[in-house]
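S.K.: Here you go, one structure.
What follows draws every value from the coordinates through simple rules; no lab data is involved. These figures come from a predicted structure and were not determined experimentally. Cβ atoms come from the backbone with ideal geometry, glycine included; neighbour counts cover every protein chain shown.
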Amino acid sequence: MDSTILKAKPLSLAKFISKTWEIIKTSWLNSLVVMLFILGIIIITVIVLALIWKIFLVLNLIQLAYIWTFRMLWQFLTALILFIIAVLAQFLLINSLLNPQVKLKENLKSINQVFWPFLCLTLILNLIFLLASLPFYISIFLFLLNNLVLGVISFIVGVVLILFLGSYLIFSPFILIEKKLSFLEAIKKSFILAEGNFGNIFLKIIVLGLILLIFNGLSLLAMLAPIIIRAILNGFIIMIMILVGFAYLFALYHDFKSLKNL
C-alpha cells in the first residue's frame, strides 16, 4: 500500500481559492473548446434523434397500438446516449486539466485507454449517490405524514451520507484518468487520499457549493432579460459554473496529491 504520511498541511482556504483562480486562468481556453465541442455533439444528437423519430412516424414504422412503448424505449435510448456524452465530457474536462498541453484531438484519442473503467466508475458513483439520497425521499414522505422529528432526522442522515461519500470519493475520477487504474483501485486510492482530512475536504466542498449557488442565483436574475439575452446569459453562466467546478476540484486533488505519496 502507498504511504499516506502527510508532508505538510493542506492549503488554507484563501491560498486554495488563489490556486483555483490560477488553474482557471491557464485552463479556461481548453475547457471552453471542450464545452463547445460537447455542446455541438448534444445539438447534433438531439436533431438526429428527432429526425429519426419523425421518419419512423411518417413511414408508419411504429404501430399506433405500441406507440407509447416505443416512445418509452426511445426516451430511454436518448437518455443513455446523453449519459455517454456526459461521461465523455467529464473525461475530456478532467484530462485537459491533468494534461493542459493536450489538444482536443489527442484528448479524444486518449479516452480509449480508460473508457470502460471510467464508465464503470461513473455508473458506480451515480448508484452510490442515488442510494445515499434515499433518506431525502424518505424525509419528504415523513413530512407529508406530519412526522417532523423523523423527517428532520432522515434529512440530516441524507446530508451526512452524501457529504461523507462525496469527501472520500471526490478524487476517484482524477485518479483513474491520471493513473489509468481500474474503477475499484481508483475508489480505494481516493479513500486513501482523503483519509484523515475529512474536515478540510468537507469545508472546501461546502465552499464550492456556495460558489455554485451564487452563480445559480445569477441565472435566476437573468430570467428578467428578454428570451434571447436570457438564453445567452444562462449558457454563459453554466459554462462558468462548469469551469469553476472542475478547476476547483482539480485544485483540491492536486493539493492533496502533493501532500501524500500516492
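S.K.: Work from the charge dipole of the chain (Cβ charges, +1 for Lys and Arg, -1 for Asp and Glu, about the Cα centre) and give the residue of 163, 114, 146 farthest towards its positive end.
M.R.: 114
S.K.: Testing the spin-label approximation: label points 7 Å from Cα along Cα→Cβ at residue 69 and residue 202. State their distance in nm.
M.R.: 5.1
S.K.: Here are several values of volume of the Cα convex hull per residue in Å³: [x] 176; [y] 189; [z] 155. Which one was derived from the coordinates shown?
M.R.: After the calculation, the listed value that fits is [y].
S.K.: Another question, then. If the reach is capped at under 14 angstrom between alpha carbons, list the aspartates and glutamates near residue 257, excluding any in the same chain fewer than eight residues apart.
M.R.: 2, 178, 195
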